[in-house]
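Take a look at the structure below.
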């Protein structure tokens, strides 16, 4: 090998290693130093396909140190939203359940963001009924782990996420918990007090203890309790567009209780086993929210009491095996996850849809998920240095729902596949899916790395689906890398969308505009067992620059062609009364296509040795349902996150951060009937500024304190649906926080 190639290969290997250590990635040793100080290059680093994909343009990592400098009040989504390409939105652009905002990656909607905890799927939100516009009364699945117990969070976007299978079309959020290597104990207390009394406060306490028991056994126990109070029921009274209407509800509160236990057994140098059990409970504090505009005396009473109107409990048991062999490394697990969704009964007809029924009876939907996965990384030398990844995954879901499928049909109404008598409807539904995948990291030469992949899935309801992918990385120079990727991603329909016994009834005024109610019978919407999966072709190309001085800059263009999106149909399949022009029957359908595209950028500048300025930005070029020209999600046209970190002293860090949100365009058509929105009001641009400090008193005691929304930029919810345009959520005002952590 020539000197030039030697140094080029060495620079390439070093840059890959630096990129790997920037995130939580392992790599093989690439060089050894002999007794005379001479460097002998064994071979270039050969990362696994997963490790290489984590260095793709659309990947970000949040560390435990980031969480110490910018603590979250309650939900990890508060800091995840500050990553490129990420926002918080409701599950649709309908504006219903507007304050139940969840992680939305690249404008594909929360339902296309897959949440993982330690690499295992979190699927609890699938136990919550999906409304006709696609909304759920759910906080999502990012709040099952207290922030202080997080080691890091990996956020994967675009083609890098497609390898994870169903539900990752937008991206993947992997929440990785702490694992003490020595005997360790930690206790933390956090409190956040809003300046405005009508906004909810937060308080949290948690503890962790863990470490080795013997030479081969170690353990970890995590316990946490947290409370975020609800906003005052009348917080939006002055902002509601219709002065005669009941104000839209503010943010509901939540009480979290978490207990997690982990036992690790190192059988030998090659085999490590983890056994984990976890139980979490989330109880809401009601603020008066309902899906549509109707309100009752019961709703007002429950809101004024701050009643707990629904609870979610999540229980998991899992076993994991990690293997370290001469020929390969492996990671395999099996996990049982049970979610019990207990809440007051909700209307599924007319203007009372999604509102608590007057009988005030609670029911429980139970969702059991079984997931199993085995993945093997195998180094190869077949013309090129390679690392082949082979994997298999199983997901099964079983739901017992005798609550949401109880809507009765009007007299003489017949819907094929739907039992007329609710008492005869089977409360049990299920579906399962099995997938095989392969990816190969191929080092073509000193500069070019190709990662082709193919995933094949078989679903019990819709059959087979193929997801090919191709990612590439090209080293333009020692400091500049070009990366690109294309992948086909998919999402399986959920159990509500597939179930013909899950029925919604408009009672008349909620019918689609071209098909008004007729014969005194409104419109029905039912599940469709013949749905195809949603698919998207995700493409991205990006440039990244980094150097030894600490400069890091990048820009990425992404474009997703979204096909067969599942939505409530707007064209009837039949009349409600066979052979008579009476009412209409609709069902969930695959709508033709949508498109999402945009730009992501990041810049990190070492202003001084102790001062770093970091910025990222997202610009949405397009987000459109091609069927009706409406946005897929209520996300800003652009978002800028910026922060200054100053290491004022060795024990003191000061952080000044700000997020600027551009205009959020309003839908012009309603999400349920297709009627024109009366007040298509955009949400104006706004900026939220935060300041905080982290003080390490010693190695075992740390204090964080600060002010969020320093300039008190408050936003209010102007309605509970499309009537509010894009003004469908609250942005809380100024608040003061304090966090204390001790360890031993």
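Sort through 666, 704, 657 and tell me the only one that's in contact (Cβ under 8 Å) with a residue 12 or more places away in the chain and either in contact with a helix residue (DSSP H, G or I) (Cβ under 7 Å, 6 or more places away or on another chain) or at positive phi (or both).
Just a single option satisfies the conditions, and that option is 704.
I'd like the full set of residues that are in a loop (DSSP other than H, G, I, E, B) and either more than 30 Å from residue 450 (Cα to Cα) or touching a helix residue (DSSP H, G or I) at 6+ places or on another chain (Cβ under 8 Å) (or both), limited to the stretch 520-534.
Correct list: 520, 522, 527, 528, 529, 530, 531, 532.
Out of the residues in the stretch 330-339 that are in contact (Cβ under 8 Å) with a residue 40 or more places away in the chain and surrounded by fewer than 19 Cβ atoms within 10 Å (Cβ to Cβ), which is farthest from residue 396 (Cα to Cα)?
330
What's the number of the condition residue 161 fails, among (1) within 25 Å of residue 275 (Cβ to Cβ); (2) buried (at least 24 other Cβ atoms within 10 Å of the Cβ); (3) in contact with a helix residue (DSSP H, G or I) (Cβ under 9 Å, 6 or more places away or on another chain)?
All conditions are met except number (1).
Considering only the stretch 588-642, state which residues are surrounded by 17 or more Cβ atoms within 10 Å (Cβ to Cβ), touching a residue at least 40 places away in the same chain (Cβ under 8 Å) and not in a strand (DSSP E or B).
Residues satisfying the conditions are 631, 632, 633, 634, 635, 636.
Given the condition surrounded by 24 or more Cβ atoms within 10 Å (Cβ to Cβ) and out of contact with any helix residue (DSSP H, G or I) (no Cβ under 9 Å at 6 or more places or on another chain), answer yes or no: does some residue in the stretch 184-200 qualify? Even if it seems obvious, please write down each step before you answer.
If we filter the stretch 184-200 for residues that are surrounded by 24 or more Cβ atoms within 10 Å (Cβ to Cβ), which is where we start, we get 200.
Going one step further and asking which of them are out of contact with any helix residue (DSSP H, G or I) (no Cβ under 9 Å at 6 or more places or on another chain), we end up with 200.
Taking every residue of the stretch 184-200 in turn, at least one turns out to be surrounded by 24 or more Cβ atoms within 10 Å (Cβ to Cβ) and out of contact with any helix residue (DSSP H, G or I) (no Cβ under 9 Å at 6 or more places or on another chain).
Can you tell me which of 717, 702 is surrounded by 17 or more Cβ atoms within 10 Å (Cβ to Cβ) and more than 25 Å from the chain's Cα centre (by Cα)?
On inspection, the qualifying residue turns out to be 702.
Checking residue 572 against (1) at pLDDT below 95; (2) farther than 25 Å from residue 629 by Cα, which test does it fail?
(2)
Please determine, by comparing only the residues of the stretch 342-362 that are in contact (Cβ under 8 Å) with a residue 40 or more places away in the chain and more than 20 Å from residue 285 (Cβ to Cβ), which one is surrounded by the fewest Cβ atoms within 10 Å (Cβ to Cβ).
358
Restricting to the stretch 226-248, what's the tally of residues that are surrounded by fewer than 16 Cβ atoms within 10 Å (Cβ to Cβ) and modelled with pLDDT of 95 or more?
0
With the stretch 163-270 as the region, which strands (runs of 3 or more DSSP E) entirely inside it contain at least 2 residues that are in contact with a strand residue (DSSP E or B) (Cβ under 9 Å, 6 or more places away or on another chain), without any contact (Cβ under 8 Å) to a residue 24 or more places away in the chain and assigned by TED's automatic domain parsing to the domain that holds residue 596?
202-212
Could you figure out which of (1) without any contact (Cβ under 8 Å) to a residue 60 or more places away in the chain; (2) surrounded by fewer than 17 Cβ atoms within 10 Å (Cβ to Cβ) isn't true of residue 679?
Only one criterion in (1) without any contact (Cβ under 8 Å) to a residue 60 or more places away in the chain; (2) surrounded by fewer than 17 Cβ atoms within 10 Å (Cβ to Cβ) is unmet by residue 679, namely (1).
Select from the stretch 293-306 the residues that are surrounded by 20 or more Cβ atoms within 10 Å (Cβ to Cβ) and touching a strand residue (DSSP E or B) at 6+ places or on another chain (Cβ under 8 Å) and write down the one among them that is modelled with the lowest pLDDT.
Here the answer is 299.
Taking the stretch 538-553, which residues are out of contact with any helix residue (DSSP H, G or I) (no Cβ under 8 Å at 6 or more places or on another chain) and either touching a residue at least 60 places away in the same chain (Cβ under 8 Å) or surrounded by fewer than 16 Cβ atoms within 10 Å (Cβ to Cβ) (or both)?
First, pick out the residues of the stretch 538-553 that are out of contact with any helix residue (DSSP H, G or I) (no Cβ under 8 Å at 6 or more places or on another chain): 541-545, 547-553.
Once the filter is applied, which keeps residues that are out of contact with any helix residue (DSSP H, G or I) (no Cβ under 8 Å at 6 or more places or on another chain) and either touching a residue at least 60 places away in the same chain (Cβ under 8 Å) or surrounded by fewer than 16 Cβ atoms within 10 Å (Cβ to Cβ) (or both), the stretch 538-553 yields 541, 542, 543, 544, 545, 547, 548, 549, 550, 551.
Only one residue in 179, 204 is over 30 Å from residue 536 (Cβ atoms) and crowded, with 21+ Cβ neighbours inside 10 Å. Which one?
The unique qualifying residue is 204.
Does residue 309 satisfy being without any contact (Cβ under 8 Å) to a residue 40 or more places away in the chain and closer than 27 Å to residue 349 by Cα?
no
Step by step: first the residues of the stretch 558-578, then only those that are surrounded by fewer than 17 Cβ atoms within 10 Å (Cβ to Cβ) and assigned to a strand (DSSP E or B), then the one that is farthest from the chain's Cα centre (by Cα). Which residue is that?
574
The values are calculated or read from the model by the stated rules, or taken from the named source; none is laboratory data. Remember, it's a predicted structure, so these values are computed and weren't measured experimentally. Reconstructed Cβ throughout: ideal geometry from the backbone, glycine too, with neighbour counts over all protein chains shown.
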